[in-house]
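Please read the structure below before turning to the comments.
The values are calculated or read from the model by the stated rules, or taken from the named source; none is laboratory data. Just so we're clear, the structure is a prediction, and the values are computed from it rather than from any experiment. Cβ: placed from backbone, ideal geometry, glycine included. Neighbour counts: every protein chain shown. What goes into the accessible areas is simple: the full protein's heavy atoms, side chains included, and nothing from ligands, DNA or RNA. Shrake-Rupley method; radii C 1.70, N 1.55, O 1.52, S 1.80 Å.
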Number of protein chains: 2
Amino acid sequence: MTASPRNFIDRVFFGFQNTATLKAALELDVFTAIGNGVMDADALAAKCDAVPRGIAALCDSLVVMGFLTKSGAGYALAEDAAVFLDRSSPACIAGIHEFLAAPEFIELVFRDPAGAVRRGGAEGLANVSPDNPIWIRFARAMGPFMAPDAKMVADHAGDPAPKKVLDIAASHGLFGIAFGRRFPECQVTGLDWGAVVAVARENAAAAGMAERYNTIVGSAFEKVPWGEGYDLVLLPNFLHHFDRAACTGLLRRARAALAPGGRVAIIEWIPNEDRVSPPAPALFAMTMVLTTPKGTTYTAVELAAMLADAEFGTPTVIPLIPTPLTLVLSHGV
Amino acid sequence: MTASPRNFIDRVFFGFQNTATLKAALELDVFTAIGNGVMDADALAAKCDAVPRGIAALCDSLVVMGFLTKSGAGYALAEDAAVFLDRSSPACIAGIHEFLAAPEFIELVFRDPAGAVRRGGAEGLANVSPDNPIWIRFARAMGPFMAPDAKMVADHAGDPAPKKVLDIAASHGLFGIAFGRRFPECQVTGLDWGAVVAVARENAAAAGMAERYNTIVGSAFEKVPWGEGYDLVLLPNFLHHFDRAACTGLLRRARAALAPGGRVAIIEWIPNEDRVSPPAPALFAMTMVLTTPKGTTYTAVELAAMLADAEFGTPTVIPLIPTPLTLVLSHGV
């Protein structure tokens, strides 16, 4: 018999404990403290203002989780941690736990998971309630994670060079800003709730394109006009919050806002047609059941059908490797 | 470059989400509902009183996690789930989430993980506070998980047949009860807090050994006498809550309670000397930092040193495969 209770114990208990372990590691900034060197628990404890016994338990767990290596008593960064968790690395995404493991998020996910499955979604509007402050946290924390995706999208959707881009639910604004950076003539408009789009405006100013960055304050579902004549309408990480009817409605508005020959660019967690691979997009459907009333993930085939309903042509599907996101590009027909 | 943010996203977010997913699955009892058959989301939704869209997201996540398989639209149990999560299986441990993912536990682990690392332990007494109700939950939920370990311990520590066994921090009482089941002459005494040892008494009655099961109500650290002349003193899942001085004190009391030739049996999460393997015992040191003021895991070498200090001989170390626990047996010298 090969059956073992280990996977179950791992998932039911160490799953959430390991999230807390990473939160502790990032708050104490142990990855930056170790940097490119090798440190033992005593040296690291002194550097992180903690006791060696706490640091040793923390770092041993981080070894098990694959973020550190251990040789004798010395800890060093594993490759992923060196690239993504050391704050001196340009690709550092260490801050994303401030959104992904935010207390509000953990509370929402654990509130009543069985009830969410019974209903097919969270009770009430949950994460999609108007002006929910979680999205300010998202805009502040998730920029570094989205930056490589934003750059890849500007690479893939940059021919012909767009002169006028609309970024729906812009959040941190990085997807629109990537076009502004790449195309010095490009005017970018970000739409989001007031307190959220303020973060996009800050990021646009930091990118030196304040005078080319416009904002529309409001919800994508309200009557606030989107304008027209855009070469590109971006829908980054947005459709998964809603059901098909709502998504198709958004795509129709995007279609109406495009100049002739314009395109929509959807950036999404897209599972394969089996819905159980790749792992992260496959798990993301449950994220939507736990945190939104009607959200889910859509496969490429489902997105193509919604696009067709909104008068778009057959899409091009481009996985944004090594991130878990996928770009779907489609021309209006 | 092979670096990918996927492990980090997986751990920081899906780690805790997957715990909630398993909670939902166990509360809806989807594993028992599937049983030995194959079911699609519609049939399963009808059986579990949930909507298909919720069940599909749940089951697709359970496929990613290795507890279900999927072929076309049909879900079936993976081997681990058939053995451990289907309530009609005799080895089912589905209820352990009621302790391991209890709201109190999740709250404690996420309260201030960085602070726990800084101090080297939880603030206050946390899980080891007197009469903490979490241990009633433990006693009720964790019995099925400990049953195979209890049986293996009675197998390994049953020669010569013990006539008088003391079970310290007995909880569900299953370790002592395993000796009572195996040896019809054996008298068993369980020590634990009043509300907890009541669970042990219930379990002893259910095993038909009520008249051979005695209890001592109190804490192992109070002056309540342990009695004497025991052939075996059990310390199951107890030492990891305390520091070395406290553990050595407990072992000395165990030594004093033994008859000549008597033994102590420690059941523990024991990491290898590198402290980063095997995974579950290695992660368990962090569990103790997050949930107790001074607890940790001890290696076999460390336990041997504490045993020597308490006048025990060189221990025999027996991993209780396939569970993550290890038995350490030692004679008084």
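For the range B:67-165, the normalised intensity computed at q = 0.13, 0.15, 0.18, 0.20 Å⁻¹ comes to -0.75, -0.88, -0.98, -1.03 (log10 of I(q)/I(0), Debye sum over alpha carbons, equal scatterers, no solvent). Hey, how much of the P(r) for the range A:227-326 falls beyond 17 Å, as a percent of Cα pairs? When every Cα pair of the range A:227-326 is considered, 50 percent fall beyond 17 Å. On a per residue basis, chain A carries 37 Å² of accessible surface, using protein heavy atoms and a 1.4 Å probe.
Both radii were evaluated on the Cα set of the protein assembly as shown; the Rg over Rh quotient, with Rh as the Kirkwood radius, amounts to 1.04. Taken over the alpha carbons of the range B:156-219 as equal point scatterers, the Debye sum produces base-10 log I(q)/I(0) values at 0.28 Å⁻¹ of -1.16.
Counting only helical runs of four or more DSSP H residues, what would the 222 nm mean residue ellipticity of chain B come to if each run contributes -39,500 (n - 2.57) and the total is spread over all its residues? List each step's numbers first, then the result.
Working: 16 runs with 151 residues, N = 333.
The per-residue figure over chain B is -13000 deg cm²/dmol.
Modelled label positions at A:Asp42 and B:Arg182, each set 7 Å beyond Cα in the direction of Cβ, lie 4.4 nm from each other.
Accessible surface of chain A, 1.4 Å probe: 56 percent of it comes from carbon and sulfur atoms.
In the range A:38-57, the residues whose accessible area drops by at least 30 square angstrom when the other protein chains are added to the isolated chain are A:Val51, A:Arg53, A:Gly54, A:Ala57; the probe is 1.4 Å and only protein heavy atoms count. Of all aspartates and glutamates in the structure, those lying under 19 Å Cα to Cα from A:Lys164, and not within fewer than 8 positions of it along the same chain, are A:Asp155, A:Glu185, A:Asp192, A:Glu211, A:Glu228, A:Asp231. Expressed in Å, the radius of gyration and Dmax of the Cα atoms of chain A are 21.4, 67.
Two numbers describe the Cα atoms of the range B:277-317: Rg and Dmax, which are 12.2, 33 Å.
Summed over both chains, the area buried between A and B is near 7600 Å², taken from the accessible surface of protein heavy atoms with a 1.4 Å probe. Label-to-label distance, B:Asp155 versus A:Glu79, with points set 7 angstrom from Cα along the beta-carbon direction: 4.2 nm.
May I have the convex hull volume per residue, in Å³, for the Cα set of the range A:45-106? Show your work: numbers first, answer last.
On the way: hull volume 7.0 nm³, N = 62.
It comes to 112 Å³ per residue, whole-number rounded.
For the range A:111-147, a decrease in accessible area of 20 Å² or greater in the assembled protein chains relative to the isolated chain, with a 1.4 Å probe, applies to A:Pro113, A:Ala114, A:Val117, A:Arg118, A:Gly120, A:Phe145. If you look at the Cα atoms of the range B:111-209, you get an Rg and a Dmax of 16.1, 51 Å. Karplus-derived 3J(HN,Hα) values for the range A:285-298, using 6.51 cos²θ - 1.76 cosθ + 1.60 with θ = phi - 60°, are 4, 5, 3, 5, 4, 7, 10, 9, x, 9, x, 6, 9, 10 Hz; glycine and proline are entered as x.
May I ask you to work out the translational diffusion coefficient for the range B:206-278 at 4 °C, viscosity 1.567 mPa s, via Stokes-Einstein with Rh from the Kirkwood sum over Cα pairs, reported in whole µm²/s?
Numbers: Rh = 14.3 Å.
Diffusion coefficient, whole number: 91 µm²/s.
In whole Å, how far is the Cα centre of the range B:261-306 from that of the range A:270-289? Result: 37 Å between the Cα centres. Taking a point 7 angstrom from the Cα of A:Ser88 along the C-beta vector, which residues in the range B:1-18 have backbone N less than 18 Å away? Correct set: none at all. Rounded to whole numbers, the Karplus 3J(HN,Hα) couplings from phi for the range B:195-204 are 5, 7, 5, 4, 5, 4, 4, 4, 5, 5 Hz, using 6.51 cos²θ - 1.76 cosθ + 1.60 with θ = phi - 60°, and x at Gly and Pro.
One Cα centroid belongs to the range B:169-190, the other to the range B:67-92; the line between them spans 32 Å.
Any idea what diffusion coefficient the range B:2-95 gets from Stokes-Einstein, in µm²/s, Kirkwood Rh on alpha carbon pairs, 10 °C, 1.306 mPa s? Let's see the in-between values first.
Details: Rh = 13.7 Å.
The estimated diffusion coefficient comes to 116 µm²/s.
Dipole magnitude for chain A: about 380 debye, using +1 per Lys or Arg Cβ and -1 per Asp or Glu Cβ, origin at the Cα centre. In summary, the range B:184-225 shows an alpha-carbon radius of gyration equal to 1.17 times the 2.2 N^0.38 Å reference for compact globular proteins.
Per-residue 3J(HN,Hα) values for the range A:226-238, derived from phi via the Karplus relation 6.51 cos²θ - 1.76 cosθ + 1.60 with θ = phi - 60°, read 8, x, 8, x, 7, 7, 8, 10, 8, 10, x, 6, 10 Hz in sequence order (x marks Gly and Pro). Counting only GluC sites (Glu not before Pro) that DSSP places in a loop and that have at most 16 other Cβ atoms within 10 Å, the longest clean stretch of chain B runs over B:1-122.
The amide H of A:Ala259, built 1.01 Å from its N in the peptide plane, has A:Gly229, A:Tyr230, A:Asp231 as neighbours under 5 Å, considering only residues 5 or more places off or on other chains.
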